[in-house]
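So that we are looking at the same thing, I have put the structure below in structure tokens.
Nothing in this text is a laboratory measurement; each read-out follows from the coordinates by a stated rule. Here the structure is a predicted model, which is why all the values come from computation and not from measurement. Note: ideal-geometry Cβ built from the backbone for every residue, glycine included; neighbour counts use all protein chains shown.
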Amino acid sequence: MRNANGWCRQLERELRQAAQALVASGGSGPLLSMRRLCQVELALTALRTLSPSAPASAAWALLIGYPFPLLESSTWTLEQHRMVGTLRQLLDQWKSRYSWRQALATYMQVDSALRLYDVSADLATFADRSARLTVAANRQLLYTMTLRQPVPLLSKPLPPGPVGQEYRYEERPRPLSVRIPAEIPPLPPVVGHPVGGNQDNPPIRLTWRQLVQTAEAMEERWQTAGTEVPSPEWAKTLRRIQFQLWDAADDAYRDLALDQEWTIDGLLHVVGMVSAGKSTLMEVLAVHLAWQQIPVTLVLGDILNLFDRTERFSHLGIQAVPILGSTSRLRHIERLHRAMAVRAAIQPLHPSAHAHPGFRYLSSICLIDPLRTDDSPKPFRPAREPCRKLQPLLPRDDEAEDDNDDALPEVGEVVGCPLYALCPRRVGERDLVTAPIWLATPASLVFTSVPNELNAERMRMAELIVRRSRVVIVDEADHAQTQLDDAFSPEQILVGENGEAWLDRLARRVDDAISSAGRSPLAEPEAAVWQHALRSAMTAVNGLYSMLQQEETRASLADEWVGYQYFSEWALFNQLALDLSGALPAENIAPRGGGVRQRYRGANMEQARQNPDYQALMAEFNAFLDDRLGVGNAPLVLLARSVLANPDTARVHQEITDWVETHPKVQCDAATRQRSIIRLRFVLHLAIVAEQLDYLIRCWRQLEGIVDLDRVKGGLTHRPPQDYAPIVPDAPMGNVLGFQFLPGEGGAPGRLRFLRCAGVGRWLLLHLRDMLRDEAIVGPHTLLLSGTSWAGTSPHYHVQAPVVGILRMPDAEMNAIEQSVFRFKPLYWPDRPSDAITVSGKRGKERQQALFAALRELATPAQMGGLSMLERERDRLAVGRRRVLLLVGSYEEADQARTFLENLRPDWKAASAVKDLIPDDAEDDDDEWNAAQPGRTTTGRTRLAAQGTKVRPKSIVRGQVNRLADDPDVWLLIAPLRAIERGHNILNAAGTAAIGLAYFLVRPHPHPDDLGHVLHAMNRWAIASWQNMTGEAETLTEGWRPPEVVFSLEDAAREFRREAYQRWQQLLNTPLVYSRVGETEREALIWSQIVAIWQVVGRLIRGGVPATVFFIDAKFASAAAASEETPDTPETSLLVGMREVLRPYIEEQGRGIIAPRDRELVRILYGPFYAALLRTQGLTLDDLS
């Protein structure tokens, strides 16, 4: 976090005094604050320096984070390039053309005695008037110097308080205190992180032989440490890997010789087929660097991966410390305990089943807990400790004490915990200072803050890593890319059709927690206010849904108001003001449909906004948005209160009608007026929802310790930190914050979705090296590893960085994997033998019935006591690999499928043959980890047997699925496709894949309204556009293409935004249905499904063994399933579509069309997958031609 206001504080004070003097002498007061005045002038000064020919209205284009190619920028100095970054750090409120033009218009209404610039009425030109200034006439120098210097970090020191002192801390309903005794021995000093950053980060050179030697040393150290867990075969894996590097001169990938030097410099993108040994390379390289005192950070996919690496490196005597957020500590504790319970259930006598170094970083002990003076029996919950709100009690005056015995004692400034240096809860923070290896997830990288007890400078861990680490290694880089995108664009279905959307679940969770506690949480004022906000949000949402379903109101809310477009309360108020004021002639308003911006396309919006009636209405609407349900009694505030509290909708409608009919600025015709009355009521509901939702999210952390909200966290509770707003480019269509209504099917009410889009998250993955270039800090070398991060046109998984290296497995293993068998085998309804069973595309009860029908066909024993289809296919597998994977669409379906199979096959249930996968953070009531005691039963989805029976969990946590083969009884695993596709190897005693057979019971496909696909597609487009602007792109095949004739700054930005917005609207308005999307979108969709399916198959080919895969859902090949004579095409079959997408990269027909580098990559990464697709059984011969 930067100190974005300190630069102008003195100037602001001087201008404020001058403004007060002007008012005192009869002048008018300024319409904007003096800080805003300074910020406008800073932007104009930067614009004049960087693009002298640009109009005053163009400054916003410097703030959105894209390097538009300008004639002037080709001659910019390094200092001028850094000015843009400085400007973005200081100004983040004017990132749209409209908001900047409004700021300029307001600026020009300030008395000229206070202004540095004169701006023309059309905002085209601006002139320096410093020669005529008498107030702060030299401010130009301040602006110039500010732009030339990096913006300092905001500093907030938190020194530890002394011992032998009593401290007060706020804990509602009354302040409490804690006394730290003076007898505590001297504490060790607290040492913080060096944050100066690297001014240089030279390349790191090594050979493959050095890595093999490091691997051998790791195995030797593991064995000498006496670890009872067998050592990983790091050296053996590295010896079998063939590492190839791109040779630009030969236009080919060439083998790296054993003693040939490999240089780690800048951004390196290395890929390898699934099971090629990427994780081994990551671990060995991390240890090699750590042993050379080179700080390294590993970015892994999930929390349990962090703990696994913590444990593994600890066996080598290396301290690898996970970066963990404090608010999720309870969740992490439960995850690790659950994982350990799996070990104990399978191998109860093994030492590793009862100890884990990860618990060092998950302690719940607070040292000052027993020193409290209130004698509370309840310990502090994680994230509710008072360690950052302790205030020392000051000595009281004896006379004052006699006068007022009931007065609270005076307190000093907040200090840090005196016992921080020994605090078990905070040991991870302290260990990070000296640890050679840091472990992070994309979420902890982005959201976790550096503790103020260690460093006064306020920053996030991502920035500290850029300043501290010399190398960052990102595992599963394609998955990390999607996680970063999601972190900067959280979205949530607030309410839906089945009552399982976020707001519905949250309301039930809070009600249950409060009622089960006898309403004691409401003794906390924060909890009472928070619950009231939740109730208000639900009431307002119900009002919205009521209006959307009633005939008399629904028609007025159709099309541009609640179609697929995103809308916010401000945008709808703006349209209302335009309609009510009559500012736009009717002929300039398009027919209904297409959204607000399309509806008014071609209209002179700038002229309409100059309409005084429009301006008066907008001023009133804006004033309401600043005080929606607050202390004011403005007419709109009173209407909003009535909308929320009055159940008599007819009376509310009349009150709104009276406001519209009597408003002096309403100039529209009667039809528009009647429609606007309904719409105003709708917007009032929406404004209440938005305000209450903002409060719920903003105050979420305050309530986590009072009401357990951890189970219903959604993406919205982690809003993107403001720290990244000046660093990450804005979303190309403009940062979005608003709602979207998705109409239901068959008369269903539909779903309300909320989105907060705050930037292009994947940009961080590609730019850690130059993230702080404006401060002359050279970031870490970044190594991106994945088996599927080259993925054609996939918006989710394709990492837009050239692949410089390939990890190849031996040819013998490749040949074995190429023997994998794919078979399309649709199943049919018993009473309709020509009707193939389709699960995909169905919902609710119909989908469940289809899933159960497929399971019944697979699991029912053959006649005369024969084996079922599943058992027959299992027994064909090699010994050691006789396990089957059933793939479904969700954890809920996995649970339902397990329950159905256990009822269908009691013998499987008695033998504990079936397990379903559950998420790492599943609730305790939903599994048996806390119930692993004979005789104890649970009320969740699994139950234990009676006293004395063999206790065995029926489910396995995702993070422990690699231990599946440790249980000899289990041969059938049911899992969601997305949960099993990557991250964990499931191996047998021979070190090969323990699962030999997989059944895809569903076809992987996003929901037609899936917003993730749209957001990832826009972010891919944004990165391609960035690379086009900077010249990094090898070919201008996608993204915004800068014109040959250089645009002006504002014209370039407007054209870029226009094209991005068109693409955004096109994607939003195109339901993602495989058979209906265009060829380009279908190819992108197919590439994403190739990655998803191949990653799952990758679990079955570890160790260089073939897999058998059955595609069951009829949607995989509709024509073949229906026994049609016409063969399937890429439009009707995903199997055919995947084959045809891969064909030109592998077959000769693509030579000369596809770049040789891309052909080689696809041949290595997806060659065995393509070979299996070519031989897919169950399709017609024409399909396979």
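How compact is region 6-148 by the rule of thumb for globular proteins, expressed as Cα Rg over 2.2 N^0.38 Å?
1.03
Can you give the local net charge around residue 802? Use residues other than it whose beta-carbon is closer than 12 angstrom to its beta-carbon, Lys and Arg +1, Asp and Glu -1.
-2
For the chain, give me every cysteine whose Cβ has no other Cys Cβ within less than 4.7 Å, ordered by residue number.
Isolated Cys, the chain: 366, 423, 668, 699, 757.
Could you sort 128-136, 481-489, 333-341 so that the peptide with the highest average Cβ count within 10 Å comes first and the rest follow in order?
481-489, 333-341, 128-136
Cα-Cα over 25 Å: which of 842/954; 825/954; 278/1115; 845/1115?
Working: 842/954 27 Å; 825/954 28 Å; 278/1115 34 Å; 845/1115 18 Å.
The pairs that break the limit, which is 25 Å between Cα atoms, are 842/954; 825/954; 278/1115.
Helix 278-291: angle to the longest alpha-carbon principal axis of the chain, degrees 0 to 90, nearest 10?
Its long axis makes an angle of about 70 degrees.
Excluding same-chain residues fewer than 8 positions from residue 156, which aspartates and glutamates have a Cα within less than 13 Å of its Cα?
413, 453, 457
Tell me, what is the FRET efficiency for residue 182 and residue 394 to the nearest 0.05, using R0 = 25 angstrom and their Cβ-Cβ distance as r? Can you show the working numbers first?
Numbers: r = 17 Å, r/R0 = 0.69.
The calculated FRET efficiency here is 0.90.
Using modelled backbone amide H atoms (1.01 Å from N, in-plane), which distant-in-sequence or interchain residues come within less than 5 Å of residue 566's amide H?
Close amide H contacts, sequence-distant or interchain: none at all.
When the Cα centres of region 1031-1093 and region 134-165 are compared, how far apart do they sit, in Å?
42
Which value in nm describes the separation of the simple spin-label points at residue 978 and residue 1035, placed 7 Å from the Cα toward the beta carbon?
3.2
What angle, in degrees between 0 and 90 and rounded to the nearest 10, separates the Cα long axis of helix 1079-1098 from the longest principal axis of the Cα atoms of the chain?
Once rounded, the angle reads 50 degrees.
Here's something else I'd like to know. If you fit an axis through the alpha-carbon atoms of helix 891-904 and take the longest principal axis of the Cα set of the chain, what angle between them do you get, 0 to 90°, nearest 10?
Its long axis makes an angle of about 30 degrees.
With each run of n ≥ 4 DSSP H residues scored as -39500 (n - 2.57), what mean residue ellipticity at 222 nm is computed for the chain after dividing by its residue count and rounding to the nearest 500 deg cm²/dmol?
-12000 deg cm²/dmol
Compute the signed sum of charges (Lys and Arg +1, Asp and Glu -1) over the other residues within less than 15 Å, Cβ to Cβ, of residue 1042.
Once all neighbours under 15 Å are counted, the net charge is -4.
Search the structure for amide H atoms under 5 Å from the amide H of residue 772, placed 1.01 Å from N in the peptide plane, and list their residues when 5 or more places away or on another chain.
It is 779, by chain and number.
How would you rank 51-60, 1165-1174, 1001-1010, 205-214, highest first, on the average number of other Cβ atoms within 10 Å across their residues?
Going from most to least packed, we get 1165-1174, 51-60, 1001-1010, 205-214.
Please sort 362-368, 649-655 by packing, taking for each peptide the average over its residues of neighbouring beta carbons within 10 angstrom, highest first.
Peptide ranking by packing, descending: 362-368, 649-655.
Can you sort 278, 156, 236 so the residue with the fewest Cβ neighbours within 10 Å comes first?
Fewest-to-most Cβ neighbours within 10 Å comes out as 156, 236, 278.
Give a residue-ordered list of calculated ³J(HN,Hα) values for region 430-437 (Karplus: 6.51 cos²θ - 1.76 cosθ + 1.60, θ = phi - 60°; whole Hz; x for Gly, Pro).
Values, residue by residue: 6, 5, 4, 4, 10, 5, x, 10 Hz.
Which label marks the calculated value of volume of the Cα convex hull per residue in Å³, given the options [x] 217; [y] 266; [z] 235?
[x]
Can you tally the net charge around residue 178? Count Lys and Arg as +1, Asp and Glu as -1, for every other residue whose Cβ sits under 13 Å from the Cβ of residue 178.
-3
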